[in-house]
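The values are calculated or read from the model by the stated rules, or taken from the named source; none is laboratory data. Everything quoted here is computed from the prediction, not taken from an experiment. Here Cβ is always computed from backbone atoms with ideal geometry, including for glycine, and neighbour counts include all displayed protein chains.
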Amino acid sequence: MELLLESFKNIFELNQSYLEIVVLSLYVSIFATLLSGILSIIIASYISTTNFIGKEMITIIINSLMSLPPVVVGLVLYIIFSASGILGFMDILYSPAIMILAQFIIVTPIIMSLLLKCFTDKYMYLSELLSSLNTTKYKTRNTIIYETRYDVVIAFITGLSRALSEVGAVIIVGGNIDNLTRVMTTSIVLETSRGELSLALSLGISLILIALVMNVLILILKKKFL
């Protein structure tokens, strides 16, 4: 009980270490998700409304990448951006920038796969109507995106949830450095190993609260759009 009270005290008093970790986590995950979402909307809307050779193969590859192991992503990025790597000159290893890149790579297949499904279903439903109106490809894609706006938001929230819960890749490329690259998930691992359970529990509670907020947001959007 004392541990739980101490954990809530960290949250409500906005303990400096706790606050820095939460802010960095949100910054990295939200930024990575926004970049991923924008790219996913552009690519998924094009694929779903266009017939071309290799379309099915590309869809299969995107769906397969949803299960891409985060530790493999972290390892590959580490090799590429380490001092001896081909992009080592960029000097972004152990920085928030490479953590954003890692989460972007992990989250993009998830968001893109979800969007491909909803865009394709909506396009099949509206294709005859859109053809009869002689709409351009650009207007067709915009219409599909607008008509599936609720699903787009759900895809974004799903991606954000995955980014916030990521630990394998970010701990490899970020290094879990205090006041620089330490996010909620990596901090929970570290503080638990140290025996500092109050801060670890505070961060765990925060992750759960963020998940609850996102689910409430989904319900609100569902009532608004459907």
Selection from the stretch 202-223 of residues over 25 Å from Q16 (Cβ atoms) and touching a residue at least 12 places away in the same chain (Cβ under 8 Å) yields M214, L217, I218, L221, K222
Here are some residues: S161, S187. Which one is hydroxyl-bearing (S, T, Y), within 21 Å of S17 (Cα to Cα), assigned to a helix (DSSP H, G or I) and in contact with a helix residue (DSSP H, G or I) (Cβ under 7 Å, 6 or more places away or on another chain)?
-> S187
Selected residue [in a loop (DSSP other than H, G, I, E, B), among the hydrophobic types (A, V, I, L, M, F, W, C) and touching a residue at least 40 places away in the same chain (Cβ under 8 Å)] from L180, L116, L199 | L180
Residues of the stretch 32-69 classified as within 27 Å of S95 (Cα to Cα) and touching a Leu at 6+ places or on another chain (Cβ under 7 Å), total | 2
Output the residues belonging to the stretch 38-69 that are farther than 14 Å from T140 by Cβ and polar (S, T, N, Q).
-> S40, T59, N63, S64, S67
Inter-residue pairs, beta-carbon under 9 Å, first more than 19 Å from I43 (Cβ to Cβ) and at pLDDT below 90 and in the stretch 122-145, second aliphatic (A, V, I, L, M) and surrounded by 12 or more Cβ atoms within 10 Å (Cβ to Cβ), 6+ apart | L126/I144; L130/I144
If L34 satisfies every condition in (1) buried (at least 18 other Cβ atoms within 10 Å of the Cβ); (2) part of a helix (DSSP H, G or I) but one, which is the exception?
-> (1)
Could you give me the residue pairs with C-beta distances under 6 Å whose first residue belongs to the stretch 5-26 and is surrounded by fewer than 17 Cβ atoms within 10 Å (Cβ to Cβ), whose second residue is hydroxyl-bearing (S, T, Y) wherever it lies, and which are 6+ apart or on separate chains?
-> E6/S198
Only residues that are surrounded by 13 or more Cβ atoms within 10 Å (Cβ to Cβ) and either on the phi > 0 side of the Ramachandran plot or touching a strand residue (DSSP E or B) at 6+ places or on another chain (Cβ under 9 Å) (or both): list them for the stretch 175-226, please.
-> G175, N176
Filtering the stretch 82-118 down to residues that are among the aromatic types (F, W, Y) and modelled with pLDDT under 95, which residue is surrounded by the fewest Cβ atoms within 10 Å (Cβ to Cβ)?
-> F89
The stretch 47-69 residues that are assigned to a helix (DSSP H, G or I), paired with ones that are of a type outside the set (S, T, Y) (beta carbon under 6 Å, 6 or more apart) | S48/L116; S48/F119; T49/R141; I62/P109; I62/M112; L65/P109; M66/P109; M66/I110
Filter result for I43 (over 20 Å from I144 (Cα atoms), touching a helix residue (DSSP H, G or I) at 6+ places or on another chain (Cβ under 7 Å) and surrounded by 15 or more Cβ atoms within 10 Å (Cβ to Cβ)) = no
